Amino acid sequence: MHSIEITSVESTLIAPIATVKGQAILSVPQDLYIPPDAMKVFLEAFEGPLDFLLYLIRKQNIDILDIPIAAVTRQYMEYIELMQELSIELAAEYLVMAAILAEIKSRMLLPHVVDPEHPEEDPRAELARRLQEYERYKQAAEALNQLPQLERDTFAVHVDASSISVTKPLPTTSLKELLLAFSDVLKRVEFQANHSIQMENLSVREKMSHILAKTQGQQHFLFSELFDLHEGRLGVVVTFLALLELLKESLIEFIQTTPFAPIYLKSK
């Protein structure tokens, strides 16, 4: 895309460039420094040589099928000269179009031999076809640009979360977690220790029956509540052995909802 830019103020303008205290200033003072990029005015912007030709034709209400090549070529060359004067980088395609216009103009100036059987094609026909095709694409692009951006560039996403079911599996209880929980119970036993010496008859089988009877009718039972701290270290060990035997015989199972959470016992 090329743009015409005015980077300096011409001193040969008839109209005053400024008015200071009612006095018209017709030229720029010699001691006034104006940076090269002090002012830039963008007049027209064109996508390419075809776009500029179409602009010239539509501006003067010229029929594409009957283009006055001489007038259009003159205006086109004035545009290229202006771009060069303003130090605007000139694309090669603009020079190619200038050469095409010069060729068409020279072909139209040459004398033509009238042959009814083989009529010579108008030198402007190919250029007219390209301009008509470009105009169709340009109008289609402008029509697309007028469409709403929604459903064109962006699309709304609707998600129905009601039909999404997520099953969160419960973590399995490892032997390490079980031993850590048992170690915590053993530490609490030390605070309940007594020094009375008496004979205690503790049976693993009796503890197994006691645990099954205690957990009967309850969905979950806290692991630490199965131990009677008043029975001392020996009673805690016997209770733990009874729990391992019940687990071995698949009569109970241990459940832990999340890692490091309390362990529960469930009867099968």
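For the reader, a short list of remarks on this structure follows.
- Viscosity 1.002 mPa s, temperature 20 °C, Stokes-Einstein D of the stretch 123-183 from Kirkwood C-alpha radius, µm²/s: 113
- When the chymotrypsin sites (Phe, Trp or Tyr not before Pro) in the stretch 118-200 are filtered for DSSP coil states and for at most 10 other beta-carbon atoms within 10 Å of their beta-carbon, the remaining sites are F155.
- The value obtained for the stretch 137-268, namely the Cα convex hull volume divided by the number of residues, is 193 Å³ per residue.
- The stretch 95-154: Cα Rg divided by the 2.2 N^0.38 Å rule of thumb: 1.84
- Kirkwood hydrodynamic radius (C-alpha pairs) into Stokes-Einstein, the stretch 229-268, 10 °C and 1.306 mPa s, D in µm²/s: 141
- Unit Cα scatterers, Debye sum, the stretch 44-172: log10 I(q)/I(0) for q = 0.18, 0.22 Å⁻¹: -1.07, -1.34
- Expressed in units of 2.2 N^0.38 Å, where N is the residue count, the Cα radius of gyration of the stretch 195-268 is 1.16.
Taken together, the values in this text are just the output of simple stated rules run on the coordinates, not laboratory data. None of the values given here were measured: they were computed from a predicted structure. Cβ atoms come from the backbone with ideal geometry, glycine included; neighbour counts cover every protein chain shown.
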